[in-house]
Each structure stands twice: as C-alpha cells, then as structure tokens.
Ligand code: SF4
Ligand code: SF4
Ligand code: FES
C-alpha cells in the first residue's frame, strides 16, 4: 500500500493502481472519454488531467494511466485543472462540432462553443481509440487501428491493410461514444453472402465464447433471442459482458505466464501492436537470461533493425545470449529502464520489462507471428521442455506446488547458460515445430 494526498486528504491506495481508479473508489468525479475499465489506458483525450506535486515539482498528468506513488499530492479540481479540461473540451468540439454526444458533454462543462478552428465539420471521430482497443484487446481480431499521423490521423484497418480480419462482432460500433463506427455492416453483408451451411456460425461462436452455434437470424443480432437475453442480463454488448473475464487474464502454461493477447515468435519475443508501432519484449521463458544479467544492449533509437538481426544482447558473468528480432523496422523507442536495471526484463517481462518499440517496415509481417491457440500450443511445448530442465533435482513430492521460476532462483544461471541456449535458442533446423 502507498499513502498519498488527494485534495488535501491523506489516502491509502494499493500499489500499481492508477490515480483514476483510486479517485473512482473515493467517489471523486474525474471526467473521462477514452477510458474503459476493461481496456488498457490510452491517455489520449487527456480529460482526466489532474495536478500532481512530487519532490517540490508540480505537473499535469492523466489520471487514467498515472500509477499512485508514495507521498504525492494530487489536486483534482484546482482552477488550473478545470481550465485545462475546458480547453481540451473546446479542442474536441472544434474537431467534431456536430457530434451530439460531444455537444452535450461540452454544455455540462459550460462550454457553449469552441474558440479553435474547425478543419472538417463532418468529422465525428475524437480518436479516443476505444474501438481499436476493443477490437485488439477484447475481441482479439486486430482488425482496425490508427493510420496516418498528426491532423491526418484516423481509424481504419491496421496500417490500412487486411480488413478480412473483422469478424463483424459489432463491439467497435457499440463502444464508440460518437457514433463514428459504422463499418461492421459491410462486413456483416460480406459474411452473410459468403457463409452458408455449417460456416454460418453466430457471433458468439466467432468470438470463441461458445463452441458452435449456427446463426438462423441472417447475422442480425437484434433479432436473436440469445443476444437479447445476454444484453438484458448484463446490460452491455457480449464482448464486454463475457470476453474480459475470458481472455484478458494471463494464465500459467507449464509454470510460465502466457498472455493470450500477444503475438509470439520462436525467438521467444512477444510483440504487441500499439497504434503505428509494435512493442517487443522477452517472453517469460527467455527472460531467465536476464535474471542475473550484467547488461542488456538494445539497438539505438532510430536504427534500422532487420528481421533476424540482434534485438537484445544479454550478458552475465562473461556469457552472452543474442536474441534475434522477428520483425524489421525502425527502432522508435527504447526502454531505458531495462538498460539501467537489466533484471527488470526477468522480473516483469511483459509489462515494465519490455525492450523496444519499432515502426515496422512491413506491418503485415506481424500477422506471420503466432497468436491465440497456435501461440499457446507452441508456448506449451517450449515451457514443458524448459520446466523439465529447471525442475531437475527438485524432489517429486514438491514439484507440483512449485513454479519452475522458484528452483531457478536457487540456480546460478550463467553456469546453466549453454544448456539454456540449447533448449531455448537451438539452431533454426533443430527447432520444435510451431
Ligand atoms: S466488428 Fe470487426 S472491427 Fe469491430 S470490433 Fe468486431 S472484429 Fe473488430
Ligand atoms: S471511431 Fe469512435 S471509438 Fe473509435 S476512435 Fe473514433 S470516436 Fe473513438
Ligand atoms: S480518460 Fe485519461 S486520457 Fe482519456
């Protein structure tokens, strides 16, 4: 737990919770537009801006993605904060002047009109990213994303390619606060005309929530009794009613953590698309090289990384492991925290221990990596081999209650280095098929 001060009151909060979560628990109202509790925070609308003072310095931060810290002082409704929020609302109103939802929202904040220039009065997308995150994180289809930059930024298919990934679940349309998403109907029509017989499965089956159900309603969910029952019961779209519990949580596979929403490569690198970039990191198995690492070298920002080139070189006690990149692109961001504390890549490989972000040369190559069930099956085989090796010498009776990462703590990794290289990074022709 950490202790912080919010609006002059001392409060205790769970470590790693965000300021927004803490304020919501305390019923302190903070406006949000791009936040959804089932999705990762995006920090794009900035309406949740609050003032944070720490070590004698005060700055504005977005509460939805700012983790609470010991001793910070937070002001959620200072004049500066309220002024900043009104300016942000004016900017949104200038972007989408004809969106009724936004007009109402602005009125609630006493903003009648915007003093900023409107470029395109027909624009109705505030770029909150809710649709993109819903499709990527909950549905797992990765069918839409942001494209272009700056004032030309818009929602479309990822990198403007491959719309066939859309399963027409309608979740993006449901979550869009402005009514900007209408794209599902085209896809529904496409599915309607192409899928017949046993291929004509309903959206619950397409979402993987049930094994099989043929749609007898022409993919018009609003005519379906099951759909109506779910909506009445949960008061929301099936994706939000059922999917978060279904597929958001990481789970253990043979003692190692598997995140179902990531892409995986046989070099034991995970990849996650984030807007026009792809974040890369070590999976929990290969991260054992970082456990007692002296250093992790990453390619410099701005460098061109080729597929198969060294993405990370981990050194420990004179040994080194070279981990190769599964994708080509320009390195856009480096995680300096990992360079400074190499074992962060072992302690928290999927979150704070990520390695780099790249702007991919050929974005479509991301989809050559494994995801979902295929990735899980490869991960299972790899984790099983590694667990067998790491558990050697652990008495049978205590094996079942222990994670392989526990005996690992008692081992000196650099003494096992060559064996681990053989297990985790064998030459390409000796790899276990994915
Ligand atoms: S309708 Fe298509 S684009 Fe929208 S969330 Fe579902 S799969 Fe993604
Ligand atoms: S289409 Fe809707 S949900 Fe998607 S970014 Fe734009 S406003 Fe947000
Ligand atoms: S809700 Fe925090 S930035 Fe949008």
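No value in this document is a laboratory result; all are computed from the given coordinates. Model, not experiment: these values are computed from the prediction. Note that we place each Cβ from the backbone using ideal geometry, even for glycine, and neighbour counts take in every protein chain shown.
With neighbours defined as other Cβ atoms within 10 Å of a residue's Cβ, the residues 3, 49, 178, 134 order from fewest to most as 3, 178, 49, 134.
Take the Cα of residue 223, step 7 Å toward its Cβ, do the same at residue 12, and the gap between the two points is 5.8 nm.
Taking 0.36 nm per residue of separation and subtracting the current Cα-Cα distance, fully stretching the chain between residue 91 and residue 418 would add 112.0 nm.
Between residue 380 and residue 322, the modelled label-to-label distance comes to 3.4 nm, taking each label 7 Å out from Cα in the direction of the beta carbon. When each of the peptides 170-177, 358-365, 118-125 is scored by how many other beta carbons lie within 10 Å of its residues on average, the order from highest to lowest is 170-177, 358-365, 118-125.
Neighbour counting of Cβ atoms within 10 Å sorts the residues 164, 325, fewest neighbours leading, into 164, 325.
Cβ-to-Cβ counts within 10 Å put 417, 354 in ascending order as 417, 354, the fewest first.
Extension gain, residue 333 to residue 231: 0.36 nm times the residue separation minus the Cα-Cα distance gives 32.6 nm. Shape class for the chain, computed from the alpha carbon gyration tensor (a ≥ b ≥ c): oblate, with a/c not under 1.5 and a/b at or below b/c. State whether region 2-86 is rounded, prolate or oblate according to the following rule on the C-alpha gyration tensor (a ≥ b ≥ c being the square roots of its eigenvalues): a/c under 1.5 gives rounded; otherwise a/b larger than b/c gives prolate, and the remaining case gives oblate. The shape class here is oblate. Mean separation of Cα pairs under 8 Å and 6 or more residues apart, divided by the residue count, gives the chain a relative contact order of 9 percent.
Segment residue 79..residue 122, full-extension length gain: 12.2 nm, with 0.36 nm per residue of separation and the alpha-carbon distance subtracted. Legend: calculated FRET efficiency, residue 365 to residue 108, from the Cβ-Cβ distance at R0 = 35 Å, rounded to 0.05, equals 0.15. Per-residue ellipticity at 222 nm, computed for the chain from helices alone with -39500 (n - 2.57) per DSSP H run of at least four residues, works out to -7500 deg cm²/dmol. Label separation (residue 3 vs residue 182): 5.7 nm, computed from points 7 Å beyond Cα along the C-beta direction.
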